[in-house]
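Here's the structure, in structure tokens; my notes come after.
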Amino acid sequence: MPHHPNHCASRRHALKAIVAGAAAGFGPWVSALANTDFPNRPVTLIVPWPPGGATDGVLRAVATAASKHLGQPIVIVNRPGAAGTVGPITMASTAKADGYTVSQVALSLLRMPYFQEVTYDPIKDFTYVIGLCGYTTGIVVRSDSPWMTWQDLVKHARAHPGTLSYASAGVGSSTHIAMEEISRAAGFQMLHVPLKGAAESIAALQGGHIDVMADATAWGPFVDSGKFRLLVTWGEKRTKRWPNVPTLRESGIDIVANAPYGLAGPKDMPPQVVAKLHSAFRSALKDPDYLTVAARYDQEEFYRSPEEFTQWAKEQYARQGQLIKELGLGKAAK
């Protein structure tokens, strides 16, 4: 029987329809299968701070430990700026939601929308993967400074308002906000000098360009070697490393500021990819080599599951807005 051209055409259309229908039906399965081999190449971790600081050191260690469990290298890319927000914001707007790019996210990401107009939503534009740790933070001065104690510094600052300068990790950073809170509670004013990270702040303090450094413990070796003097720490309790140094609470200021952080990817990451990343980094938090580095930088564990970390972000977003309003900072002050 001869082939009729119309029969051939209609048969081709029918076949195409079947194939298209099958592809549509199997779509979720195909993408799920594609995700089961995640990761099959290196993962990039964006560190939104300069190299050489506490966060950079800890994240490099946790990435090395997590890579053992992922079976792929985790490549660190430093992308500092705007109090640790440039890195995650760029990632959220440019990276694919395939798990191959994640970034450290700090409180500053949840705080920045209250300081300026932003192009991102800190909750909707991110997939929160895991809560990792928090900082041991404190206030240090040069060892040749006249202030032997925190009380000495407060007394001087009250007597000379606005003359003492302190460095923080940038406008809207956790150290900046905490210092504004502390200043308000203790009744003094200091001049804020925003810098990009701990390495810059250490150099500025050493060179006499600032009077006070408020930051996480990248200053630790300088305190231990006697170049800097640690006046007060901001944790719940005294540190193991400097047990003689009082906390803010012991000094009469009811503030605890440990600025926890974790990792997030772009929005809409597949749940099974999130689960794999979360599992690898959770295992990394128990890794002996990582724990050695975390102890060196006096980091406190802040483990949170993806659900818990997302909830924490939502609560902090609301809380930071309230705090900034109370302090008369940000857009509310303009």
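A few points about this structure:
- Screening Ala203, Ala199 for residues that are part of a helix (DSSP H, G or I), hydrophobic (A, V, I, L, M, F, W, C) and either modelled with pLDDT of 95 or more or more than 25 Å from the chain's Cα centre (by Cα) (or both) leaves exactly one candidate, Ala203.
- Yes/no for Gly207 being over 18 Å from Val171 (Cβ atoms) and surrounded by fewer than 21 Cβ atoms within 10 Å (Cβ to Cβ): yes
- Counting residues in the range 312-334 that are over 28 Å from Thr85 (Cβ atoms) and of a type in the set (S, T, N, Q) gives zero.
- Among the residues of the range 166-179, the ones that are closer than 20 Å to Ser251 by Cα, aliphatic (A, V, I, L, M) and free of Cβ contacts under 8 Å to residues at least 60 places away in the same chain come to 1 in all.
- Lone unmet requirement of (1) under 27 Å from Leu248 (Cβ atoms); (2) in contact with a Gly (Cβ under 7 Å, 6 or more places away or on another chain); (3) crowded, with 23+ Cβ neighbours inside 10 Å for Ser143: (3)
- Within the range 135-165, the set of residues being assigned to a strand (DSSP E or B) and either free of Cβ contacts under 8 Å to residues at least 24 places away in the same chain or over 21 Å from Asp224 (Cα atoms) (or both) comprises Ser165 only.
- Filtering the range 166-175 to residues that are touching a Phe, Trp or Tyr at 6+ places or on another chain (Cβ under 9 Å) and either assigned to a helix (DSSP H, G or I) or of a type in the set (A, V, I, L, M, F, W, C) (or both) leaves Ala169, Val171, Ser174, Thr175.
- In the range 252-334, counting only helices (runs of 4 or more DSSP H) that sit wholly within it, the ones holding 3 or more residues that are basic (Lys, Arg) and exposed (fewer than 15 other Cβ atoms within 10 Å of the Cβ) span 306-327.
- Considering residues of the range 206-238 that are assigned to a loop (DSSP other than H, G, I, E, B) and closer than 27 Å to Leu45 by Cβ only, the residue modelled with the lowest pLDDT: Gly235
- Selection from the range 150-193 of residues that are among the charged types (D, E, K, R) and farther than 25 Å from Gly321 by Cα: Asp152, Lys155, Arg158
- Here Phe38 passes the criteria (1) surrounded by 17 or more Cβ atoms within 10 Å (Cβ to Cβ); (2) among the aromatic types (Phe, Trp, Tyr); (3) at pLDDT below 90 except the one numbered (3).
- Boolean, Thr292 is more than 26 Å from His192 (Cβ to Cβ), within 16 Å of the chain's Cα centre (by Cα) and among the β-branched types (Val, Ile, Thr): no
- Residues satisfying the stated conditions in the range 104-134, i.e. assigned to a strand (DSSP E or B), over 20 Å from Met179 (Cα atoms) and not aromatic (Phe, Trp, Tyr): Gln104, Val105, Thr127, Val129, Ile130, Gly131, Leu132, Cys133
- Answer residue from the range 113-132, given it is loosely packed, with under 13 Cβ neighbours inside 10 Å and of a type outside the set (S, T, N, Q) and is modelled with the lowest pLDDT among those: Glu117
The values are calculated or read from the model by the stated rules, or taken from the named source; none is laboratory data. All of these numbers come straight from a predicted model, not from anything done at the bench. We place every Cβ from the backbone using ideal geometry, glycine too, and count neighbours over all the protein chains shown.
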